Amino acid sequence: MKAVLWDMDGTLVDTEPYWMATEVELAEEYGATWTTADAQHLVGNSLISSGHYIRERTGIPLSAEQIVERLLDGVVARVQHAVPWCPGARELLLALKDAGVPCGLVTMSYQRFVAPILEHLPPETFRVVVTGDQVDNGKPHPEPYLTAAAALGVEPEDCVAIEDSPTGATSAAAANCRVLVVPNHVAVPSGPRRVFRESLVGVTPAELAALLG
């Protein structure tokens, strides 16, 4: 195992409830309704795709880009108040750092949302950060994971990706990574190159390396 590539929302930090609450607030501001099913439909998607979906679903008079900025405003404010680490995630991340295993962050969130979360980690915890505003094709396209592996100077097949959503798992597997899937807010179907765990609690660097065996 030459590197570990991490998804962020729902995998490293359980920010999906932050996104969902912000989506509800935005819809209600314009007198629209927003359901749990709507919110779950967006899990793992690129932000601009989510913006288009919200616009079409609710009819609010904002562009997809404006919707994305409003969502980011709400979620960033919540993260600055508290970072909700997923169980076992921060511990595994720091264990990988101690073991000298390079880590990359591969998220469809934008840089201004990622920055306040990274402030809560030691410097260089992530050697590479790929955000949704840095790629042409978001998840489920393999580009985000291919970009991260290339930036780290490793082959995707030598990487383990950690994901929580169908969209993210599809992206990582399509890039030829091995994928440790830890489902969170939505179910993830089984598929090639996927191994499942209920949580990251107790997962060690050695266990991750064994996934490539």
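The values are calculated or read from the model by the stated rules, or taken from the named source; none is laboratory data. None of these values were measured; they are calculated from a predicted model. All Cβ positions, glycine included, derive from the backbone under ideal geometry; neighbour counts span all protein chains shown. Surface areas here come from the heavy atoms of the whole protein model, side chains and all, with no ligands, DNA or RNA. Shrake-Rupley method; radii C 1.70, N 1.55, O 1.52, S 1.80 Å.
The single condition among (1) touching a residue at least 40 places away in the same chain (Cβ under 8 Å); (2) hydroxyl-bearing (Ser, Thr, Tyr); (3) in a loop (DSSP other than H, G, I, E, B) that Ser49 does not meet is (3).
Here segment 96-115 is the region considered, the condition is being surrounded by fewer than 16 Cβ atoms within 10 Å (Cβ to Cβ) and in a helix (DSSP H, G or I), and the residue that is farthest from the chain's Cα centre (by Cα) is Asp98. The set of residues in segment 14-57 that are of a type in the set (Val, Ile, Thr), modelled with pLDDT under 95 and in contact with a helix residue (DSSP H, G or I) (Cβ under 7 Å, 6 or more places away or on another chain) comprises Thr15, Thr33, Val43, Ile48. Against the conditions (1) closer than 20 Å to Ser46 by Cα; (2) touching a helix residue (DSSP H, G or I) at 6+ places or on another chain (Cβ under 8 Å), where does Arg194 fall short? Just the number, please. The failed condition is (1). In segment 119-135, of all residues being under 22 Å from Val43 (Cβ atoms) and not in a loop (DSSP other than H, G, I, E, B), the one that is most open to solvent (accessible area, probe 1.4 Å) corresponds to Gln134.
Residues in segment 34-46 that are free of Cβ contacts under 8 Å to residues at least 60 places away in the same chain, assigned to a helix (DSSP H, G or I) and surrounded by fewer than 17 Cβ atoms within 10 Å (Cβ to Cβ): 3 in all. Can you confirm whether segment 47-55 contains a residue that is over 24 Å from Thr167 (Cα atoms) and either of a type outside the set (Ser, Thr, Tyr) or within 14 Å of the chain's Cα centre (by Cα) (or both)? No, that holds for no residue. Scanning segment 24-33 turns up no residue that is aliphatic (A, V, I, L, M), touching a His at 6+ places or on another chain (Cβ under 9 Å), farther than 25 Å from Leu146 by Cα and surrounded by 17 or more Cβ atoms within 10 Å (Cβ to Cβ). Is it the case that some residue within segment 51-74 is in contact with a Pro (Cβ under 7 Å, 6 or more places away or on another chain) and either surrounded by 14 or more Cβ atoms within 10 Å (Cβ to Cβ) or over 19 Å from Asp7 (Cβ atoms) (or both)? Checked segment 51-74: no residue is in contact with a Pro (Cβ under 7 Å, 6 or more places away or on another chain) and either surrounded by 14 or more Cβ atoms within 10 Å (Cβ to Cβ) or over 19 Å from Asp7 (Cβ atoms) (or both).
Take the conditions over 17 Å from Leu93 (Cα atoms), open to solvent by 20 Å² or more (accessible area, probe 1.4 Å) and among the small types (Gly, Ala, Ser) and apply them to Gly202. Does it pass? So Gly202 fails the test.
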